[in-house]
Amino acid sequence: MLTRRLGIYMDHQHANLLDLTTGTMETSHVGSTFTHEEKVDTLEKSEALNHHAEQHEEATYYKQLSRVILQYNDVLLFGQTQAKTELFNILRANHQFEKIKIDVKPSDRLTPNQQEAFVREYFAKELS
């Protein structure tokens, strides 16, 4: 059986998906659609409205990532912000993710090449 492995380098706005299932790194991106212009517009209307819009957008972003994660057996969430922990807590509360191994690791700001190296190193340790 093929073990599907995924690293997700993320913050509250963007996620780089690094699929290492085949041994060759395949990358893709998921991002929140809450733009700077929308934030400025809603800030002008009301701070409470802005907060609600951000929460809704963040929930949509986490749902997008959750749908992707369901396709994998072994997932690494990493990055600088608390977004990885927030997503992890959402996933752990949902029984659909019980059979998926999900780990959370802090990291510094990483370039795309450093992200790939981080994911390769993590899964290499997992295999040894």
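The values are calculated or read from the model by the stated rules, or taken from the named source; none is laboratory data. What you are looking at is a predicted structure, and each value in this text was computed from that prediction instead of being measured. Here the Cβ positions follow ideal geometry from the backbone for every residue, glycine too, while neighbour counts run over all protein chains shown.
At a glance:
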| item | result |
| --- | --- |
| Given (1) more than 20 Å from Met1 (Cα to Cα); (2) modelled with pLDDT of 95 or more; (3) part of a loop (DSSP other than H, G, I, E, B); (4) of a type in the set (Phe, Trp, Tyr), number of the condition Tyr72 does not satisfy | (1) |
| So Phe78, is it modelled with pLDDT of 95 or more, under 16 Å from Leu18 (Cα atoms), of a type outside the set (D, E, K, R) and not in a helix (DSSP H, G or I) | yes |
| First in the stretch 100-128 and under 17 Å from Asp74 (Cα atoms), second anywhere and assigned to a helix (DSSP H, G or I) and of a type in the set (Phe, Trp, Tyr), Cβ under 9 Å, 6 or more apart | Ile102/Phe88; Asp103/Phe88; Asp103/Tyr122; Val104/Phe88; Lys105/Phe118; Lys105/Tyr122 |
| In the stretch 63-81, residue farthest from His29 (Cα to Cα) [restricted to those that are free of Cβ contacts under 8 Å to residues at least 60 places away in the same chain and of a type in the set (S, T, N, Q)] | Ser66 |
| Yes/no for Ala93 being at pLDDT below 95 and either buried (at least 20 other Cβ atoms within 10 Å of the Cβ) or among the hydrophobic types (A, V, I, L, M, F, W, C) (or both) | no |
| Qualifying residue in the stretch 31-49 (condition: surrounded by fewer than 15 Cβ atoms within 10 Å (Cβ to Cβ), modelled with pLDDT of 95 or more, part of a helix (DSSP H, G or I) and among the basic types (Lys, Arg)) | no |
